[in-house]
Amino acid sequence: MNEVLRYAAFTTTPAGGNPAGVVLDARNLSDAEMLAIAAELGYSETAFLHPTDERQYRIQYFSPLAEVAFCGHATIAASVALGERIGPGTVNLATQAGPVPVEIAADPAGGITATLTSPPTSTRPASEEEVRPVLAALGWSADDLDPAYPAHVANAGNDHLVLAAAGRGRLADLDYDFEALGKIMADLGWTTVHLFWPESPTVFHARDPFPPGGVVEDPATGAAAAAFTGYLRALGRLEDGAVLTIHQGVDMGRPSLLTCNAIAGDSRVKVSGTAVPIQ
């Protein structure tokens, strides 16, 4: 039997954060079996670890519909689960998007904090032809966007369309066409649409529709947070070494807290968070 653990990531309470499944030893599972487990569990992602050496693992991530190259919240969940069993220190994860080292540490509150180092980040402007149908699927107009933050496709292991809401109210009022947005994203290879509103230069509120994975919305998206941090740095809005705070999941009743750090002299990003078991 392959025990499926359940953790909520980027939270200190099971009622918050983003739930993830974790299988700590999946060496005997096929891709089809892992997909079936993820679909039955129904979380946005389940992480499957394949131990390869001491504190080294190959890791695969499955949404209910498909395998994804990299997932931040499931990485945090899996790393906290590992930390509870093998103790603090660094674990090295081999993902489809490249190597992802994770630092596991005990926090002052008695829990465990995991800090992943993302794959390299990159970003490019999104074209009007890409953005227009997305706005239609969201029920937004061009006036609902903040021109200070141009639309981009940002990557930190997966592609995410990044759109800035003109106000907090616009971000809170999310009621989109699931089928239409899912088709656009599947055709263009986007994992989520990262919608955000800036509370300050380093504090942001975000929402991430995830229809290609069969999920209406992610309560916390570590991969998108890393890509977004790279996007801000590329725009000159975030200095190397700056710490970014992202609040996500609030509008769907599962508040999450993600902390991101733009590594000086490196295109990668550190993403930190806690995770707790779901009983």
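Tabulated data for the structure shown
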{"quantity": "Conditions (1) touching a residue at least 60 places away in the same chain (Cβ under 8 Å); (2) open to solvent by less than 10 Å² (accessible area, probe 1.4 Å); (3) closer than 20 Å to residue 125 by Cβ; number of the one not met by residue 158", "calculated": "(2)"}
{"quantity": "Residue in segment 165-172 that is under 23 Å from residue 17 (Cβ atoms) and surrounded by 22 or more Cβ atoms within 10 Å (Cβ to Cβ) present", "calculated": "yes"}
{"quantity": "Where a residue in segment 43-65 is more than 14 Å from residue 28 (Cβ to Cβ) and its partner, wherever it lies, is of a type in the set (Lys, Arg) and at pLDDT 95 or above, with Cβ under 9 Å and at least six apart", "calculated": "43/6; 52/58"}
{"quantity": "Number of positions in segment 117-137 that are assigned to a strand (DSSP E or B) and not polar (S, T, N, Q)", "calculated": "2"}
{"quantity": "Answer from 247, 160, 194 - the residue that is part of a strand (DSSP E or B), over 18 Å from residue 137 (Cβ atoms) and under 17 Å from the mean Cα position of the chain (by Cα)", "calculated": "247"}
{"quantity": "Test: residue in segment 179-187 that is β-branched (Val, Ile, Thr), open to solvent by less than 50 Å² (accessible area, probe 1.4 Å), in a strand (DSSP E or B) and in contact (Cβ under 8 Å) with a residue 12 or more places away in the chain", "calculated": "no"}
{"quantity": "Those residues of segment 118-152 which are within 15 Å of the chain's Cα centre (by Cα) and crowded, with 20+ Cβ neighbours inside 10 Å, in sequence order", "calculated": "118, 119, 121"}
{"quantity": "Segment 262-279: number of residues that are without any contact (Cβ under 8 Å) to a residue 40 or more places away in the chain and in a strand (DSSP E or B)", "calculated": "1"}
{"quantity": "Residue ID - surrounded by the most Cβ atoms within 10 Å (Cβ to Cβ), chosen from residues in segment 206-221 that are among the small types (Gly, Ala, Ser) and at pLDDT below 95", "calculated": "213"}
{"quantity": "Count of residues meeting criterion [of a type in the set (D, E, K, R) and surrounded by fewer than 16 Cβ atoms within 10 Å (Cβ to Cβ)] in segment 258-277", "calculated": "1"}
{"quantity": "Criterion: at negative phi, β-branched (Val, Ile, Thr), at pLDDT 95 or above and open to solvent by 50 Å² or more (accessible area, probe 1.4 Å) - qualifying residue of 59, 86, 104, 76", "calculated": "86"}
{"quantity": "Positions within segment 1-32 being touching a residue at least 24 places away in the same chain (Cβ under 8 Å) and open to solvent by 70 Å² or more (accessible area, probe 1.4 Å), in sequence order", "calculated": "6, 12, 27, 28, 31"}
{"quantity": "Qualifying residues in segment 229-254 (those that are of a type outside the set (D, E, K, R) and touching a Leu at 6+ places or on another chain (Cβ under 8 Å)) - the one surrounded by the fewest Cβ atoms within 10 Å (Cβ to Cβ)", "calculated": "245"}
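Table: residues versus (1) in contact with a Leu (Cβ under 6 Å, 6 or more places away or on another chain); (2) of a type outside the set (Lys, Arg); (3) within 20 Å of residue 46 (Cβ to Cβ).
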residue	(1), (2), (3)
169	no, yes, no
172	no, yes, no
179	no, yes, no
189	no, yes, no
199	no, yes, no
202	yes, yes, no
212	no, yes, yes
218	no, yes, yes
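The values are calculated or read from the model by the stated rules, or taken from the named source; none is laboratory data. This structure is a prediction, so every number in the text was calculated from the model and none was measured. Positions of Cβ are generated from backbone atoms using ideal geometry, with glycine treated the same way; all protein chains shown enter the neighbour counts. Accessible surface areas use protein heavy atoms only, side chains included; no ligands, DNA or RNA. Shrake-Rupley method; radii C 1.70, N 1.55, O 1.52, S 1.80 Å.
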